[in-house]
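Right, one structure below, let's go through it.
The values are calculated or read from the model by the stated rules, or taken from the named source; none is laboratory data. Model, not experiment: these values are computed from the prediction. Every residue, glycine among them, receives a Cβ derived from its backbone with ideal geometry; neighbour counts consider all protein chains shown.
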Amino acid sequence: MDQENIRNFCIIAHIDHGKSTLADRLLEITGTVKSRRMHAQYLDQLDLEQERGITIKMAPVRMIYRPELGISNFEFRNKEDNPTASEYILNLIDTPGHSDFAYEVSRSLNAVEGGILLVDATQGIQAQTLSNFRAAKAAGLTLIGAINKIDLFKDRDDHVLAELRKEVSELLGIEPEDVFMVSGKTGEGVKELLTAVVEKIPAPKILDTKYHIPNLGRALIFDSFYDDHKGIVASVRVFEGAFKREDPIILAATGAEVKIKEVGYFSPQPKAAPLIKKGEIGYLATGIKDTSQVKIGDTVLLIPKPHTLDPQALALPGYREPNPVVFVSFYPEEADDYETLKRGLEKLHLNDSSLHIEPDQNEILGRGFKVGFLGKLHFEITAERLEREFDAPVVGTFPSVVYKIVNKGKEGFITKPEDLPNEYDEIWEPLVRINILVPSNYLASVLSLQNKFRIEDLTTKTVVNSIDIEAVMPLSELISDFDDQLKSATSGYASFSYEFLDYRKADVVKVDNFVAGEIIPGLSRFFPRESVEREARRMVEKLKTTLPKQQFPQALQAKISGKIIAREDIPAIRKELGNFGKNGGDRTRKMKLWQKQKKGKEKLKAMGKVRIAPEIFKELIKK
């Protein structure tokens, strides 16, 4: 097929604005999925996505469309009444909406020429709508505006819809009538939107390059997954040349050289094809078993031999390495499941390159892994996927962020409070720039959170009928319960997005928790100096209610640099000695036994070693 008849596009929106439902209707209209096989959120293949109603992983799919007939190529093959009708290949990438998965969106933007910016008619423009819009414009994409869920309005000329249509048009810089009104649920307006994709989104761009090598092939890896028989399967956008089975390829970043085992398209399940060529989106089965050899964002090269070019010099531009900002240590619930957890993390890393994984050790929980995430939801989703997909339930420590340590002019980074060196000059904490979009009547409620979460440099501006609040705040505050309290303060009407900004010198202190004189690894925390006593008190109180009694008393202490700032005590188990005084019994005998028990407990206290069971530790680190 002529490259002029290919359209590569994505759907971008805020979370829960109906991207996956709209994708369902596109699959139906183009006949890509037969009606008897169709189910809601068809492209969301994970059970977790279906249950939560959110997209976690991007999903590519190839559709064939004939706009003159308004029917799919699947249907047209049985018709002979209009053989001259134009046929288009539409490559769609459905993307996540939560800001934690913005990296997924950024990868899809590098693989397409245009996108549908979708806005929920009942919620309007929200924070991630703006964030995705800015990212798409920065990538040079052509955007089509669409308002979804119009079926919830009986009057299609409702003033709310008209006002929202105007707002979206102002954002995109187009006329209100050019913003499409659709219902992903009923299909209303979706055919017109699909026709606009063909008319407005440009054909695949011609790649600017200083190299002019005949038969050179280059493709961008924007996702990957593991197949037991085919090895690592890379989802690719071909920018130059063509790829077919048995072609020898080179991966630019790792230098791996293999022969392709299979090529094909996503329909939406992988379907083998003779070749995939310039402008198309498909997959390459590499046969590689080592997950470290294939990196998302790498370039697949087909270089005619003989050649003298450096493969890395031919790598496609625009890729950025993800930077994890939240770290949690994962340990298997059962020590024997360490290898299962290891394999699960390796396979998850294959299609989620934003995960940062390294071995870790805990005196209580044993061997595990320190894992870096892009946010709190990213962490929660990964933990659930490990349990569901790989049968590897985990115990996770407190989420922490990366702190920069400066000592004698040298900089270093730590991801756990336990790693804080004994000597240092300064400690710097990570900051994020946050954008909160909220109705104007809730502005005061958002401002009331300013001191509680150390929000600074706050500015406001009006965006259509809402207030866009831009501010700076420590990442450690954001990953606590900021999202819950923001929703409570604004009755659920506020939305927010964020991005890493920089490091700033901080006045934070490390609090260590001791039980019976022994430090408990994994319970150390960083707190701002002004709130450290309150937080330390909460921790020792939780320890008191959680830890079981022993044969000896246990002192629970929170310390800063060896100084006790909070304390609670768990008394020893008391053995009842009977009622010696009843019916004339001798009280002196009871006193002697008490004294003997007291001496025994003092001896146990001196010799005793507290052992915290993993299930108790799991309770301690719950929010």
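Reported count of residues in the range 454-471, each being touching a residue at least 60 places away in the same chain (Cβ under 8 Å) and basic (K, R), is 1. Scanning the range 514-553 for residues that are under 32 Å from the mean Cα position of the chain (by Cα) and of a type in the set (D, E, K, R) yields a total of 7.
Hey, can you tell me all the residues within the range 428-453 that are touching a strand residue (DSSP E or B) at 6+ places or on another chain (Cβ under 7 Å), in contact (Cβ under 8 Å) with a residue 40 or more places away in the chain and surrounded by fewer than 18 Cβ atoms within 10 Å (Cβ to Cβ)? Of everything in the range 428-453, those that are touching a strand residue (DSSP E or B) at 6+ places or on another chain (Cβ under 7 Å), in contact (Cβ under 8 Å) with a residue 40 or more places away in the chain and surrounded by fewer than 18 Cβ atoms within 10 Å (Cβ to Cβ) turn out to be R433, P439. Look at the range 481-499: where a residue is under 13 Å from H14 (Cβ atoms) and a partner is at pLDDT below 80 and surrounded by 14 or more Cβ atoms within 10 Å (Cβ to Cβ), sitting 6+ places away or on another chain with Cβ atoms under 6 Å, you get S495/A127; F496/A127; S497/S99; S497/A127; S497/Q128; S497/S131.
Residues in the range 120-152 that are closer than 25 Å to A203 by Cα and in a strand (DSSP E or B): T142, L143, I144, G145, A146, I147.
Can we say E51 is under 18 Å from the mean Cα position of the chain (by Cα), modelled with pLDDT under 70 and surrounded by 15 or more Cβ atoms within 10 Å (Cβ to Cβ)? No.
Screening the range 390-408 for residues that are charged (D, E, K, R) and free of Cβ contacts under 8 Å to residues at least 60 places away in the same chain and picking the one that is nearest to K505 (Cα to Cα) gives K408.
Flag not set for D457, criterion: within 25 Å of the chain's Cα centre (by Cα) and not in a loop (DSSP other than H, G, I, E, B).
Considering the range 528-538, the residues that are in contact with a strand residue (DSSP E or B) (Cβ under 6 Å, 6 or more places away or on another chain) and free of Cβ contacts under 8 Å to residues at least 40 places away in the same chain include one that is farthest from E363 (Cα to Cα), namely R529. In the range 178-185 there is no residue that is touching a residue at least 12 places away in the same chain (Cβ under 8 Å), closer than 29 Å to I29 by Cβ and either out of contact with any helix residue (DSSP H, G or I) (no Cβ under 9 Å at 6 or more places or on another chain) or outside the structural domain of I12 (by TED's automatic domain parsing) (or both). Is it true that A111 is at pLDDT below 90 and in the same structural domain as M181 (by TED's automatic domain parsing)? So A111 passes the test. For the range 388-407, residues that are at pLDDT 85 or above, buried (at least 19 other Cβ atoms within 10 Å of the Cβ) and not in a strand (DSSP E or B) total 2.
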